[in-house]
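Here the structure comes first, spelled out in structure tokens, and everything after it is commentary.
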Amino acid sequence: MFETIVMRAVGHVRGGRSKPVDDGWDTVTAQIELDAAQFQPDAVAALDSFSHIEVIFHFDQAPPECVNTGARHPRGNTAWPKVGIFAQRGKDRPNRAGVTVCRLLSVNGLSLSVQGLDAIDGTPVLDIKPFMRGFLPRGEIREPEWAGELMREYW
């Protein structure tokens, strides 16, 4: 039996895009506003010494009834093979969780200015971590050709 996990958002995305568009995220700037009821500014002390952060967020505007637990063509493109939901990064996944590494432009109190976060205005942020080279994968990275095609215009 798998347990239910309840999380509380640490903040929300403010600004940036209001609609989930598939491509061109690299130039999008937004703010992450941390919840002042939970955090003091010391929660982000020294975060500005990192160039990038990992943001874990919830695709809250992806309808639960659209969640996919099997295989599908990424982005509905039948030129690409059907692959399992865990072999792609789409928003209609079982827990509707998203993860992105984005540029941290500045930290002002509990407000983080970021660029390249592919989450829309109002998105709940579940966690933030500094991006560290030491956590990059070791060894060779491989991916199917369709994944490179999908990402060609994403950033």
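Just so it is clear, none of the values below were taken in a lab; they were calculated from the coordinates. Values in this document were obtained by computation on a predicted structure and should not be read as measured data. Quick reminder, even Gly has a Cβ in these numbers, built from the backbone with ideal geometry, and neighbours come from all protein chains shown.
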If I model a spin label as a point 7 Å beyond the Cα along the Cα-Cβ vector, how far apart are those points for Ile85 and Arg103 in nm? 3.4 nm
With a ≥ b ≥ c taken as the square roots of the eigenvalues of the C-alpha gyration tensor of segment 52-133, please select rounded if a/c is under 1.5 and otherwise prolate if a/b is larger than b/c or oblate if it is not? prolate
Name the most mobile residue of Phe57, Phe131, Phe39, meaning the one with the largest mean-square fluctuation, in a Gaussian network model of the chain with Cα contacts below 10 Å. Phe39
What nm distance separates the two modelled labels at Asp48 and Met7, each placed 7 Å from Cα along Cα→Cβ? 2.7 nm
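Tally Lys and Arg at +1 and Asp and Glu at -1 over the other residues with C-beta under 13 Å from the C-beta of Arg14: what net charge comes out?
Details: positive: Arg17; negative: Glu33, Asp35, Asp121.
Taking every other residue near Arg14 into account, the sum is -2.
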After finding the eigenvalues of the alpha carbon gyration tensor for segment 1-57, what semi-axes result from the square roots of 5 times each, listed largest first in whole Å? 23, 20, 12
Determine the sum of side-chain charges near Glu153: Lys and Arg each +1, Asp and Glu each -1, restricted to other residues whose C-beta is under 11 angstrom from that of Glu153. -3
Output ³J(HN,Hα) for segment 42-52: one whole-Hz value per residue in order, computed from phi by the Karplus curve 6.51 cos²θ - 1.76 cosθ + 1.60 with θ = phi - 60°, and x for Gly and Pro. 5, 5, 10, 4, 6, 4, 5, 7, 9, 7, 9
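If eta is 0.890 mPa s and T is 25 °C, what Stokes-Einstein diffusion coefficient results for the chain, Kirkwood Rh from Cα pairs, in µm²/s? Could you put the intermediate results ahead of the total?
Numbers: Rh = 16.9 Å.
Calculated translational D: 145 µm²/s.
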A student applying the Cα gyration tensor rule (rounded when a/c is under 1.5; otherwise prolate if a/b is larger than b/c, oblate if not) would label segment 13-91 prolate
